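Only one structure is covered here, and it is reproduced in the block below.
Bear in mind these aren't lab numbers, they're just calculated from the coordinates by the rules spelled out. Since we're looking at a predicted model, the values are computed, not measured. Positions of Cβ are backbone-derived with ideal geometry, glycine not excepted, and every protein chain shown enters the neighbour counts.
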Amino acid sequence: MDPGGSGPGGGGAPVLELRDIGKEYEGVRVVKGVSLAIPAGEIHALLGENGAGKSTLMNILFGMPVIQETGGYTGEILLDGRPVRFRSPGEAIAAGIGMVHQEFMLLPGFRIAENIKLNREPSRRNLLSRVLGSGLERLDVRRMREDARRALDRVGLGIDEWLPVAGLPVGHMQFVEIAREVDKEQLRALIFDEPTAVLTETEAERLLETMRAFARSGVAVLFITHRLEEVRAIADRATVLRDGEVVGVVDPKTTSVVRIAEMMVGRPAGPTAGRRQLPAGGEAAMTIEHLRVDMPGEPVLDVSLVVRRGEILGIGGLAGQGKIGIANGVMGLYPASGRVALDGREFPLNRPREALERGLAFVSEDRRGVGLLGEESVELNIALSALEAQGRFLRPFPVPALRPLDPRALRAHADAMIRDLDIRTTGPAQQVRRLSGGNQQKVCLARAMTLRPKLLFVSEPTRGIDVGAKARVLEILTRLNREEGVTLVLTSSELAELRALCDRVAIIYRGRVETILPPDAPDAAFGLAMAGEEQAA
Amino acid sequence: MTIRLPAAVREFGLPRILIAAFLVALFAVAIATHMSFAILLTDCIARVARNGILVLALLPAIQGGLGLNFGLPIGIICGLIGCVISLNFGVHGVAGVALAMGVGVALAVPVGAAYGWLLNRTRGQEMMVGTYLGFALVSGMSIFWLLAPFRNPTLVWAIGGKGLRTTLALTGIYDRVLDRWLQFDVAGVTIPTGALLAFLGLCFLVWLFFRTRMGITIAAARSNPRFALAAGISDERTRIQASVLTTVLGAVGIVVYSQSFGFVQLYTAPLLMAFPAIACILIGGATVTRATIAHVIIGTLLFQSILTTALPVTSQVIEGDISETARLIIQNGMILYALTRFGK
């Protein structure tokens, strides 16, 4: 048996213990030496921004096939003191680990009871099954309904267990998912992966109550979230992850929300250099009024902002609060509504082409998905938006659509950009997917710069790239703003980066602008704003 | 377990190497049995020139993200209507071919756009939809050929005087008119210059097209639709453009094919015409999502040469004919192979 937990307050032998877990995806270390221990009856929160390694850790713990397919993991998992190594979720479930997923894993066409008992149906033997195996045993519907009823009652969901899942409100689906875990006998540890993301406030409260009941019955509960107030309300201890590493283990009851938020996003790198005084109340380059964007996972509910000409406006906030949605909405990549004016003139939403033609450009947070044509060459990637939206890099021909490419202009421009931005490549003809993350990001920047935008949206410019490239990318952005006079809207999860670069930082909370802070505002002010406690302060 | 092949082999593609080796073996047997090599080569080149444009027609569909165009008969039917109209008016020579192509292309543009519209509504199942739309249209057109108001006695059945014949001979009208243009002989091998130039010329034009703004846009939208959206490109539009192009080339292709073959084949003849063309481009090295002009040319050369050589060579060596069997195994095996590679 393992002697006690490793963190503060770890009373009793841990039910679930992770020791020095590490994981690499294609050479990138996404989880680095994570250890944590949860004793029976404890609710342990796992906190971290998107990309901090939470999901990977859970995939490892639950034996998801994706982990095996990408080369397995290092370190050790102990359940009740015995080392375990799950090769499939089935093995994890059999060993007594339950998981409530972020996205529902329910069969919509099946009834609630059928979902709860799926693959664990009570059944009776019959003549056929004696000959052809247990797969042909008859379902014991009465016992299925009884078991399902008991599980639903335990989570406080008073609806008929024989209803189909399709058409249920999302909150109810979440509870069905939990009831399925409840129904499993010999449950030792229960993992909740951002379970309250889709719930209303009363539903969320009921869920927290259910979690407490689980803990009281001696189950170890691991609760993944980025809602800090819930962590304070319910968790006994919290482990904070950043960039795949444990930043600290805290007692959320005694640690301030501000401190936890700081741990999640990282402290500023020091005093910011090169600050300048913008003319007070400068001219508006873009005004955004009541912007609403339906971007899954990053919904914007009601954002009003003024972007001043020549400034760098930062947009920050914790993951899922909607900061990412703003740029995507203005650029027309996700359905948006509201009023936006550019240079005092009405600007149409949901028209990506128009956005480019009016002098906007966007470097997406989703580099591989939206930002690049992986199979194509560096030079084509750099030129494509300008070629498409502005008809550049083409030779004359009477029919505009059939104007042929001008390879010499293309090459010359690519060469200049590669030199300017220090893109490490074997040449302009190299396939973009063969570049490193940092150099791919520089290609994205080069494409946006090629458009010669008046206003540039840049989202998560340094996510997933190495330190050297990070500094270079930030330097390019600064130069673009100072020397070329491009107005920048910089969206980032890294507070340090925002504070180093921006003239003002807007903090987004629950789809709205919580507050706008100067970059040299005290840490506490940022922490409070990110936790949505600006008004209370 | 995967077997690691040498880099050079993987680069060229194992299937291509096997098929090229098979072809070399056929040629070797031909020489060993003292067959006329010149005649074999003449046939090979003639068939490449005849079929090339139909293979080329598949390229815009692949580049536009529509996959292998199993709906090629749709374009072919447009071309056939063009042929029948030009024959009905009795236009001879190059003018007749030009009229057939003109009518075919004029029909193929709206038909291709409608086909593209349908494919946009059945996203992800383009190849399945194309196959069945092709089958349905060929069958529907069989009724049209019977009822169409063509009165030229050389075209309609002699008895009854109604309904087009299944095969219309082009002898004396525009039989091999392109093939014979600037035709010359080298060491006993006949080169059908006109048809070959038409094929290579169109290859060049298509290559050029994919270096224009529209062509680059089509390829970019195929490569990453979300990137395209961010660049202000509607991939619904580029897919329709690709569909129009593949249908138009199909129409032109069948006119060139018919004049070289010497007959216009109606009714169920276009039913399976997509399959050998698809086998060609795949043998050339194309995949369901990526194809180049080199794939078109190499594939047509390899596959058509095998078809031409297999029949005489095998009948020399063994009793009976296995060339048709070999064709079906290679053709459908190649398509099957490409589909198993889909999405990898």
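Placing unit charges on the Cβ atoms of the charged side chains and taking the dipole of the stretch A:123-201 about its Cα centre, the candidate lying farthest along the positive direction among A:Gly167, A:Gly133, A:Phe192 is A:Gly133.
The DSSP beta bridges internal to chain A are antiparallel in roughly 55% of cases.
Cα gyration tensor of the protein assembly as shown, axes a ≥ b ≥ c as square roots of the eigenvalues: rounded (a/c below 1.5), prolate (a/b > b/c) or oblate? In terms of gyration-tensor shape, prolate. Note on chain B: with a GNM built from Cα contacts shorter than 10 Å, the maximum mean-square fluctuation among B:Leu68, B:Leu155, B:Leu59 falls on B:Leu155.
So for chain A, averaging the separation of alpha carbon pairs under 8 Å that are six or more residues apart and normalising by length, what relative contact order in percent results?
Normalised by residue count, the contact order of chain A is 14 percent.
For the stretch B:173-290, the Kirkwood hydrodynamic radius comes to 16.8 Å, computed from all pairs of different C-alpha atoms.
Looking only at other chains, what is the average number of their beta-carbon atoms within 10 angstrom of each beta-carbon in B:211-224? Display every interim value, and only then the final one.
Working: counts 7, 10, 14, 5, 4, 10, 4, 0, 4, 8, 2, 2, 5, 9.
Going residue by residue through B:211-224 and averaging, the value is 6.
Taking Cα centroids, how far is the stretch A:81-102 from the stretch B:119-172 in Å? With the stretch A:81-102 and the stretch B:119-172 each reduced to a Cα centre, they are spaced 61 Å. Working value for chain B: equivalent-ellipsoid semi-axes of 30, 29, 18 Å, each the square root of 5 times a Cα gyration tensor eigenvalue, largest first. All Cα-Cα distances of the stretch A:15-85, cut into 10 Å bins from zero to the largest, leave 19, 55, 24, 2 percent in each bin in turn.
Computed from backbone phi, the HN-Hα couplings of the stretch B:300-315 come to 5, 4, 5, 5, 5, 5, 4, 4, 5, 7, 4, 4, x, 5, 5, 6 Hz, rounded to whole numbers (Karplus: 6.51 cos²θ - 1.76 cosθ + 1.60, θ = phi - 60°; Gly and Pro given as x). Against the main long axis of the alpha-carbon atoms of chain A, helix A:141-154 sits at an angle near 60°. Of all GluC sites (Glu not before Pro) in the stretch A:278-371, which ones are in loop regions per DSSP and have a Cβ with at most 15 other Cβ atoms within 10 Å? The qualifying sites are A:Glu283. Taking a ≥ b ≥ c as the square roots of the eigenvalues of the Cα gyration tensor, an a/c ratio of 1.5 or more together with a/b larger than b/c marks the stretch A:200-270 as prolate. Please state the shape class of the stretch A:51-183: rounded when a/c is under 1.5, otherwise prolate if a/b exceeds b/c and oblate if not, all from the C-alpha gyration tensor. The shape class here is oblate. A dipole drawn for the protein assembly as shown from +1 and -1 charges on Cβ atoms has a positive end, and of B:Leu249, A:Phe110, A:Leu421 the residue lying farthest that way is B:Leu249. 3J(HN,Hα) along the stretch B:188-204: x, 9, 8, 10, x, 3, x, 5, 5, 5, 4, 4, 5, x, 5, 4, 4 Hz, from the Karplus curve 6.51 cos²θ - 1.76 cosθ + 1.60 with θ = phi - 60°, whole Hz, x for Gly and Pro.
Annotation: amide H of A:Met99 within the under-5 Å range of A:Ile191, sequence separation 5 or more or interchain, hydrogens built in the peptide plane.
As an exercise, identify the trypsin sites (Lys or Arg not before Pro) in the stretch A:72-126 lying in DSSP coil whose Cβ has no more than 15 other Cβ atoms within 10 Å. Here the trypsin sites (Lys or Arg not before Pro) that fit, given the DSSP loop and packing criteria, are A:Arg85, A:Arg87, A:Arg120, A:Arg125. Each label point was placed 7 Å from the Cα along the Cα-to-Cβ direction; for A:Leu139 and B:Phe184 their separation is 7.9 nm.
From the alpha carbon centroid of the stretch B:280-308 to that of the stretch A:306-335 is 48 Å. A cut-off of 5 Å between modelled amide H atoms, ignoring neighbours fewer than 5 places along the same chain, links B:Leu178 with no other residue. Rounded to the nearest Hz, the phi-derived 3J(HN,Hα) couplings of the stretch B:69-82 under the Karplus curve 6.51 cos²θ - 1.76 cosθ + 1.60 (θ = phi - 60°) are 7, 5, x, 3, x, 4, x, 4, 4, 4, x, 5, 4, x, where x marks glycine and proline. Could you pull out the pairs from A:Lys117/A:Lys323; A:Lys54/A:Lys253; A:Lys23/A:Lys442; A:Lys253/A:Lys470; A:Lys32/A:Lys117; A:Lys23/A:Lys470 whose alpha carbons sit more than 32 Å apart here? The answer is A:Lys117/A:Lys323; A:Lys253/A:Lys470; A:Lys32/A:Lys117. For chain B, the Cβ-based charge dipole about the Cα centre amounts to some 960 debye (Lys, Arg positive; Asp, Glu negative; other atoms uncharged). For chymotrypsin sites (Phe, Trp or Tyr not before Pro), no site in the stretch A:362-464 is both called loop by DSSP and has at most 13 other Cβ atoms within 10 Å.
Label-to-label distance, B:Phe204 versus B:Glu324, with points set 7 angstrom from Cα along the beta-carbon direction: 4.0 nm.
Figure legend: label point modelled 7 angstrom from the Cα of B:Val94 along Cα→Cβ; residues of the stretch B:172-198 with amide N under 15 Å from it are B:174-183, B:193-198. Taking +1 at the Cβ of each Lys and Arg and -1 at the Cβ of each Asp and Glu, which of B:Ala274, B:Val313, B:Ala108 sits farthest along the dipole of chain B towards its positive end, judged by Cα position relative to the Cα centre? Sorting the options by dipole projection puts first B:Ala108.
Placing unit charges on the Cβ atoms only, positive for Lys and Arg and negative for Asp and Glu, gives the protein assembly as shown a dipole magnitude near 1800 debye about its Cα centre. Amide H contacts of A:Thr491 (H built 1.01 Å from N, in plane; Pro and chain starts excluded): A:Ile315, A:Val458, A:Ser459, A:Glu460 sit under 5 Å, all sequence-distant by 5 or more or on other chains. Using a simple spin-label model with pseudo-atoms 7 Å out from Cα toward Cβ, A:Arg479 and A:Ala284 lie 3.4 nm apart.
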